[in-house]
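The values are calculated or read from the model by the stated rules, or taken from the named source; none is laboratory data. Source: prediction; values computed, not measured. Because the Cβ atoms are built from the backbone with ideal geometry, glycine has one as well, and the counts that use them run over all protein chains shown. SASA here: full protein model, heavy atoms, side chains in, ligands and nucleic acids out. Shrake-Rupley method; radii C 1.70, N 1.55, O 1.52, S 1.80 Å.
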Amino acid sequence: MALRFAIALPQYFSHGEFEPVRMREYLTRAEELGFESGWTTEQTLGGMPHFGPLETLAYAAACTSTLRLGCAVFVSSQHSPVHLAKSIATVDQLSGGRLEVGVGVGGRGRALAAFGVDPETLVGRFTEGIDLMKALWTRQTIDFDGRFWQLRGATQEPKPFQRPHPPLWMGGSHPNAIRRAVRYGDGFFGAGSTTTEKFAEQVQILRKVLADSGRRDFPIAKRVYLAVDDDAAVARRRISDALDRMYGTFAAPGTFAPAAVAGTPDDVVAGLRAVAEAGAELILLNPMEQQAEQMERLAAEVMPRL
């Protein structure tokens, strides 16, 4: 199976920095360069100036015609599944059926109280929310008797453009999370904060769970934070600094740098080959700075060699 590539979409804009023309150029160029899809992330609270994922995807849908568009991941445990299902169905319609949906629990380290979420019921809320969204996407009339949400004779239209619904990607490190991915999802997405070695371990567990379940068509992807530069030290410093800014409230400086791929084009080729050998069929290339310039270098100097 040929290795497929996705690209991260720009989302970090402080007040007044967003330039529609440059965003359209970036999206158009991503299609021209042959990327299969473009992806966002979700960060509702935090110091980084982070655009919302669905709004960014709706804008991207209007600027593109073939690029698939996704979020990895919506922290769906923090959402009302009724509202999230509606928004996802709308963007899938707006894009003509090009939406990909990653969902995640989010973990207890987040500000759960801000979303009215009890950490003791986090996983149950997450899985019930997935069940409810699938019901809203696929049933004409919804009767739902859950622990957290109840509906009687409800309807939600329109349904997503894709039937039965957009592909659902899930991730996770713990074996229980990997089993949930197989039970509820349509594909596995390794996190950018996960090292290649840890991702390889996750894939081995995943393949065992898939074999036990009898499932075959279950794609595997991984986000890779990266930087390419003729000076390897400059590339490593840039990606480490960028990750510290993004994850600074969650971990000590340098914590996530080992998960990134950075260096010269040769270094990046070697790092991405290792990700593919670990099991990734789709690699989401995620430069953190100079995204347009980095995308060009990756397409010209890295992707053809993989």
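Whole number in Å², please: accessible area per residue of the chain, 1.4 Å probe, ligands, DNA and RNA not counted.
Roughly 45 Å² per residue, with all protein chains present.
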Open item on the list: Tell me the Rg and the Dmax, in Å, that the Cα atoms of the stretch 157-254 produce.
Closed with: 17.1, 53
TODO: Check cross-link reach from Lys134 to the lysines: straight Cα distance under 16 Å, and skip same-chain residues fewer than eight apart.
DONE: Lys86, Lys159
Task: Rough spin-label spacing in nm, given labels placed 7 Å along Cα→Cβ, for Ala292 and Asp230 - done: 2.2 nm
- [ ] Apply 1/(1 + (r/R0)^6) to the Cβ-Cβ distance of Ala274 and Ala300, taking R0 = 25 Å, and write down the FRET efficiency to the nearest 0.05.
- [x] 0.75
TODO: Count charges around Gly187 for me, please; just the other residues with Cβ under 10 Å from its Cβ, Lys/Arg as +1, Asp/Glu as -1.
DONE: -4
Task: Rounded D (µm²/s) - the stretch 217-258, Kirkwood Rh over Cα pairs, Stokes-Einstein at 37 °C, 0.692 mPa s - done: 283 µm²/s
Open item on the list: Using a 1.4 Å probe on the protein heavy atoms, what percent of the accessible area of the chain belongs to carbon and sulfur?
Closed with: 51 percent
Open item on the list: Along the Cα→Cβ direction, 7 angstrom out, place labels at Glu19 and Phe148. What is the inter-label distance in nm?
Closed with: 4.1 nm
Open item on the list: Based on alpha-carbon atoms only, what is the radius of gyration of the stretch 76-144 relative to the globular estimate 2.2 N^0.38 Å?
Closed with: 1.19
Open item on the list: So if I take the centroid of the Cα atoms in the stretch 264-306 and the same for the stretch 49-101, what is the distance between those two points in Å?
Closed with: 25 Å
Open item on the list: Give me a comma-separated list of calculated 3J(HN,Hα) values for the stretch 128-137, in order, Karplus coefficients 6.51, -1.76, 1.60 applied at θ = phi - 60°, integers in Hz, x for any Gly or Pro.
Closed with: 5, x, 5, 4, 5, 4, 4, 5, 5, 6
- [ ] Just subtract the alpha-carbon distance of Arg207 and Thr155 from 0.36 nm times their residue separation and send over the number in nm, one decimal.
- [x] 15.0 nm
- [ ] Using a cut-off of 13 Å between beta-carbons, work out the net charge of the residues near Glu293 (Lys and Arg +1, Asp and Glu -1, Glu293 not included).
- [x] -2
- [ ] Excluding residues on the same chain fewer than 8 positions from Lys222, give the lysines whose Cα lies under 21 Å from its Cα.
- [x] Lys198, Lys208
TODO: Pull up the DSSP beta bridges for the chain and report the antiparallel fraction as a percent, rounded to 5.
DONE: 10 percent
TODO: At 0.36 nm per residue, minus the direct Cα-Cα distance, what do Leu45 and Arg4 gain on full extension? Give it in nm, one decimal, please.
DONE: 11.6 nm
Task: Cα-based Rg / Dmax (Å) for the chain - done: 19.0, 62
- [ ] Would you please state the base-10 log of I(q)/I(0) at q = 0.11, 0.20 1/Å for the stretch 91-216, with intensities from the Debye formula using one equal scatterer on every alpha carbon?
- [x] -0.47, -1.27
Task: Extended-chain gain in nm, criterion 0.36 nm per residue less alpha-carbon gap, Arg163 and Asp217 - done: 17.8 nm
